[in-house]
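The next block holds one structure in the form of structure tokens; read it before the comments.
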Amino acid sequence: MIPEIGLLIEHFNGKIWNSESQRAFMEVLRDKDFFNGRGANDPAFSARDRINRAPKSLGFVVLEPRLQLTSAGQKLLTSRRIDEVFLRQMLKFQLPSPYHRPTSKAVAFCVKPYTYVEGLREGSLITLEDVKLTLKGSKPARIFKVGKVAWRCSPAATSTSYSTRGGDR
């Protein structure tokens, strides 16, 4: 992702992120040794898929009104502590994000997924599917969040139940 962001800014900084610039980005990207794909079927979609997901969602780039690197993106490209830059951005991430468009069928929830700690007891495990955590086993777990009182989550309920009840506890 880091080389792609650098390439994006090098060639498209200040430009409008539309189908034309997305196709052009894939043309530039295809020629790079670090790229392991083709993006042949729909180059504009492939470009959006690569840039609109993590780089945009984690706040490394802004795509509207014109493409630009954020201060976090600048740190990502220049820092020796890349893991710290990623951690800081992941801790800011929330669902739904400003980039998710709410629909009438969407589940109402508000969670910062990387700010919870789940305490498991022996014989318990957590499964992850998309953004849904499910506690399995016979014993309850405890959910911890900085500044909040810890609470129990039973195996019969999913861990997402704590994030769907009244928002980000």
Query - Spin-label pair V149/I16, simplified geometry with 7 Å Cα→Cβ offset, distance in nm - result: 5.5
Requested in this report: Note down the net charge around R81, summing +1 for each Lys or Arg and -1 for each Asp or Glu among other residues with Cβ under 14 Å from its Cβ.
Outcome: +1
**Report entry** Projected label distance in nm at D42 and R121, using a 7 Å step from Cα toward the beta-carbon
**Finding:** 4.8
Report task. Please give the net charge around P140, taking every other residue with its beta carbon less than 15 angstrom from that of P140, where Lys and Arg add +1 and Asp and Glu add -1. Result -> +3
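At a Förster radius of 45 Å, what calculated FRET efficiency corresponds to the Cβ-Cβ distance of Q68 and S138, to the nearest 0.05? Present the calculation step by step, with values, prior to reporting the outcome.
On the way: r = 52 Å, r/R0 = 1.15.
For Q68 and S138, the calculated efficiency is 0.30.
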Query raised in the report: Highest mean first, what order results for 52-65, 24-37 on Cβ atoms within 10 Å?
Result: 52-65, 24-37
Query raised in the report: Between S79 and S104, 0.36 nm times their residue separation minus their Cα-Cα distance comes to what?
Result: 4.8 nm
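Since every read-out is calculated from the coordinates, none of them should be taken as a lab result. All of these numbers come straight from a predicted model, not from anything done at the bench. Note that we place each Cβ from the backbone using ideal geometry, even for glycine, and neighbour counts take in every protein chain shown.
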